[in-house]
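Down below is the structure, laid out as structure tokens.
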Amino acid sequence: MSEKSYDVIIIGAGPGGYVCAIRCAQLGLKTAVVEKRAALGGTCLNVGCIPSKALLSASEKYEAAEHHFADMGIKVSGVKLDLAGMMGHKTKVVADNTKGIEFLFKKNKIDWLKGEGMLGGNGTVKVGTDTYNAKHIVIATGSDVTPLPGITIDEKKIVSSTGALELEKVPEHLVVIGAGVIGLELGTVWRRLGAKVTVIEYLDRIMPGMDLEVAKNAQRIFEKQGIAFRLATKVTSAKAEKNGVALTLEPAAGGTAETMAGDVVLVAVGRKPHTATLGLDKVGVAMDKRGRIEVDHHFQTNVQGVYAIGDVIAGPMLAHKAEDEGVVLAEMLAGQSGHIDYDLIPGVVYTWPEIANVGKTEEQLKEAGVAYKVGKFPFMANGRARAMAATDGFVKILADAATDKVLGCHIIGPEAGTLIAEVVLAMEFGASSEDIARTCHAHPTLNEVVKEAALAVDGRPLHI
Ligand code: NAI
């Protein structure tokens, strides 16, 4: 039994929590983080963003060696998949990253309180039999997989993203439920490694919330790559059997049911805030109807001294959103001020081509009655993209019809996730499309497609 006092105790060492801790420590606050996992970094580093990117990078190279090197005059033969070796690469990447956070904790003198944290009331946090006091308590416990009623995830045959990162052999037929970010990224990994992949989506489109034109374009490209989509379809049951999984599907609008068989089923229908074990009800922390913790503009809950950031509060469930909240909150706790523009949080899907977006979609602008101009430019007309044999996709910039201020940008194409950063920065500074168009862009680069799209807003692209 120990009792110790801190300025700040953060529960959860994911990107929100650990970044908040580092910033608190930098600002001279005595800081501890409670984490029950054996490694720091949360879902993102252990079973999310980082391992999935390790498998996406490795599988992309495998597919390129098998199918695309020859297009560039590189003859290879006998390309073989060593799945255990690929998983080993993933495990090492995760370990290097999580150990990196441990190093940063030591460097910044942040205490790691190992175990499951609970609010104890009156500025205390309980970890096992120990109780700690803190002036400020930050909940950064992230999110969990949303289950589908009647479908039991066993992480072997019916898997969440966690199990889909650990499969011991390539399934013959992977059925993915949900055409969102996880379904498309992990579906892509296993398709590249040789699985037949069918994605079943409840809505009549993939990637809800993304610009519709981009989503339709992406679907066409993924279909060309070999992924099959069943849209407007719901899965009413999935049962693990001896040789695989038996699924029942129905049209979303109702109608005749049909069956489908798969070796492995990935359930990727969203995530929900992880709050159940925190003792929030005992302390009286208010939640909204969707199970998220309610906070004000200072991330303060209705309970004095208790704050929340990241996936447990409203907003996109993205690591970089949580990180930014962690930094701003730390600065506020140290007496400074901060602000996040939630309109300017980029989203990236790490498929090939990548898909990235920031700001408003055309659908949102139409719904809000905002008059806008569109500038679009294809990668096909860019010299660097041709040199890379990566000509699928386009950049679309949406600008206010009256002021030319950039309101949104949607990219599908090579390195979209990197390219979007330029537009996010421009939007942070309130740039017009003319500002981007007048900025000198190095040649030959993919960024020139962004510049050309900005020129296209005013009807004057140069290379088309
Ligand atoms: P998601 O919200 O992106 O997509 C879920 C999809 O499942 C939606 O298209 C939805 O319409 C569909 N769906 C829901 N119920 C269904 C049902 N019963 N049958 C068929 N389809 C159904 O959620 P996802 O992909 O699980 O990702 C979870 C979270 O993790 C997201 O917030 C995402 O932003 C985040 N994430 C972000 C990544 C990135 O930034 N690259 C990578 C992976 C996850």
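Within the same chain, lysines fewer than 8 places from Lys75 are excluded, and of the rest, those with a Cα less than 17 Å from its Cα are Lys61.
Which shape class applies to the chain: rounded if a/c is under 1.5, otherwise prolate when a/b exceeds b/c and oblate if not, where a ≥ b ≥ c are the square roots of the Cα gyration tensor eigenvalues? Walk me through the intermediate numbers first.
Working: a/c = 1.65, a/b = 1.22, b/c = 1.35.
Verdict is oblate for the chain.
Residues of region 405-434 falling in the label zone of Leu344, defined by backbone nitrogen less than 15 Å from a point 7 Å along Cα to beta-carbon, are 405-409, 420-433.
Which helices, taking whole DSSP H runs in the chain, have alpha carbons extending 30 angstrom or more along the helix axis plus mean Kyte-Doolittle at least -1.0?
On the way: long enough: 83-107 (36 Å, -0.09).
Flagged H segments are 83-107.
Packing here is the average count of other Cβ atoms within 10 Å per residue, and on that basis the peptides 368-378, 279-289, 137-147, highest first, run 137-147, 368-378, 279-289. Taking the Cα centre of region 1-138 as origin and assigning +1 to Lys and Arg Cβ atoms and -1 to Asp and Glu Cβ atoms, the resulting dipole is close to 360 debye. Look at where the Cα atoms of region 37-95 and of region 124-189 average out, and the two centres are 20 Å apart.
In this view, the solvent-accessible surface of Phe299, computed with a 1.4 Å probe and all protein chains in place, comes to about 10 Å².
Working note: 222 nm ellipticity from helices only, DSSP H runs with n ≥ 4, each -39,500 (n - 2.57), summed and divided by the residues of the chain, gives -9500 deg cm²/dmol to the nearest 500.
Once you reduce region 340-413 and region 439-464 to the center of their Cα atoms, the two points are 13 Å from each other.
Subtracting the Cα-Cα distance from 0.36 nm times the residue separation, let me have the gained length for Leu81 to Glu294 in nm, one decimal.
On the way: separation 213, 0.36 × 213 = 76.68 nm, distance 4.73 nm.
This chain segment gains 72.0 nm when fully extended.
Over the chain, what is the mean sequence separation of C-alpha contacts under 8 Å (at least six apart), divided by residue count, expressed as relative contact order in percent?
Details: 998 pairs, mean separation 66.8, N = 464.
With pairs under 8 Å counted, the relative contact order is 14 percent.
In this simple spin-label model, placing a label point 7 Å from the Cα along the Cα-to-Cβ direction at both Thr248 and Lys106 gives a separation of 5.6 nm. The aspartates and glutamates whose alpha-carbon is closer than 16 Å to the alpha-carbon of Lys216, local same-chain residues fewer than 8 away aside, are Glu201, Asp204, Glu354, Glu362, Glu363, Asp392. Across region 158-269, C-alpha contacts under 8 Å between residues 6 or more apart give a mean separation that, scaled by the residue count, equals a relative contact order of 34 percent. In the assembled protein chains, Asp71 presents an accessible area of approximately 120 Å² (probe radius 1.4 Å).
A Förster distance of 25 Å, applied to the separation of the beta-carbon atoms of Arg205 and Glu258, puts the FRET efficiency at 0.75. About its Cα centre, the dipole of the chain is roughly 840 debye, where the only charges are +1 on Lys and Arg Cβ and -1 on Asp and Glu Cβ. Ordering Pro461, Val295, Thr233 by the projection of their Cα atoms onto the charge dipole of the chain, which places +1 on the Cβ of Lys and Arg and -1 on the Cβ of Asp and Glu, puts Thr233 at the extreme positive end.
What share of the DSSP beta bridges in the chain is antiparallel, in percent to the nearest 5?
Details: 49 of 82 bridges.
Bridges in the chain that DSSP calls antiparallel: roughly 60 percent.
All other residues whose Cβ lies under 14 angstrom from that of His298 are scored, Lys and Arg at +1 and Asp and Glu at -1, for a net of -4. Legend: residues Ser77, Ser57, sorted from most to least accessible area (1.4 Å probe; ligands, DNA and RNA excluded), read Ser77, Ser57. Could you compute the net charge surrounding Pro51? Neighbours are other residues with a C-beta less than 13 Å from the C-beta of Pro51; K and R count +1, D and E count -1. Around Pro51, the surrounding residues sum to 0. Could you pull out the pairs from Lys272/Lys396; Lys99/Lys289; Lys234/Lys366; Lys30/Lys272; Lys53/Lys157; Lys224/Lys366 whose alpha carbons sit more than 27 Å apart here? Lys272/Lys396; Lys99/Lys289; Lys234/Lys366; Lys30/Lys272; Lys224/Lys366, as the Cα separations exceed 27 Å there.
Computed about the Cα centre, the dipole magnitude for region 344-455 is approximately 200 debye when only Lys and Arg (+1) and Asp and Glu (-1) carry charge, each at its Cβ. The residues neighbouring Glu66, those whose beta-carbon lies less than 13 Å from its own, together hold a net charge of +2 under the Lys/Arg +1, Asp/Glu -1 convention.
The values are calculated or read from the model by the stated rules, or taken from the named source; none is laboratory data. Because the structure is predicted, anything quoted here is derived from the model rather than measured. Quick reminder, even Gly has a Cβ in these numbers, built from the backbone with ideal geometry, and neighbours come from all protein chains shown. The protein model used for the area step is the full one, side chains on, heavy atoms only, and it has no ligands, DNA or RNA in it. Shrake-Rupley method; radii C 1.70, N 1.55, O 1.52, S 1.80 Å.
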